[in-house]
1. Name the residues whose placed amide hydrogens come within less than 5 Å of the amide hydrogen of Tyr53, ignoring near sequence neighbours (fewer than 5 apart) on the same chain.
2. May I ask you to evaluate 6.51 cos²θ - 1.76 cosθ + 1.60, the Karplus curve with θ = phi - 60°, for each residue of the stretch 39-46 and list the ³J(HN,Hα) values in order in whole Hz, giving x for glycine and proline?
3. Evaluate 2.2 N^0.38 Å with N set to the residue count of the chain, then give the Cα radius of gyration divided by it.
4. Cross-link partners among aspartates and glutamates for Lys80, C-alpha distance below 15 Å, same-chain residues fewer than 8 apart left out?
5. Could you give the nm distance between label points at Lys32 and Met9, where each point is 7 Å from its Cα heading toward the beta carbon?
6. List the residues, sorted by chain then number, that are 5 or more residues from Arg78 or on another chain and whose placed amide H is less than 5 Å from its amide H.
7. Pull up all non-local amide H partners of Gly22: gap of 5 or more, or a different chain, and H-to-H distance under 5 Å with H placed in the peptide plane.
8. Helix-only mean residue ellipticity at 222 nm, the chain, DSSP H runs n ≥ 4 weighted -39,500 (n - 2.57), per residue, nearest 500. What is it?
Amino acid sequence: MINFTEQVMPVRIFGLFGLHHGLEIELKSKVKESIQEEAFFDYKDRSYEIQSYSLTGNRRYINVRQIPNPGLYPTKKRLKILPEAS
């Protein structure tokens, strides 16, 4: 029997709720592969756009900005990267 365990990695997200100090979360390795600039994701009834990221080395981060009217961007790719995402 082969046991496939999902790897997780800590990532600091800057810009959630306008906070600059960052929120550290753990991303699953398969979620990591879908992260890209200019993609949207929802978190606690707010929408964010990924501005930049680095998921290598020991200082992993994602910089985001809140999007106040996400309905104006219907063609943007939407990701589900956080467990509490709605």
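1. Amide H neighbours of Tyr53, under 5 Å, 5+ apart: Asn63.
2. These are the phi-based 3J(HN,Hα) values: 8, 9, 8, 9, 8, 6, 6, 10 Hz.
3. Normalised Rg, Cα atoms only: 1.13.
4. Glu26, Glu33, Glu37, Glu38, Asp42, Asp45, Glu49
5. With each label placed 7 Å out from Cα toward Cβ, I get 0.3 nm.
6. Excluding prolines and chain starts, which carry no amide H, the hits are Phe40.
7. Gly15
8. Working: 1 runs with 4 residues, N = 86.
Taking each H run of at least 4 residues, the total per residue is -500 deg cm²/dmol.
Any read-out appearing in this document is the output of simple, stated calculations on the displayed coordinates, not a laboratory observation. Everything quoted here is computed from the prediction, not taken from an experiment. Cβ coordinates were reconstructed from backbone atoms using ideal geometry, including for glycine residues, and neighbour counts include every protein chain displayed.
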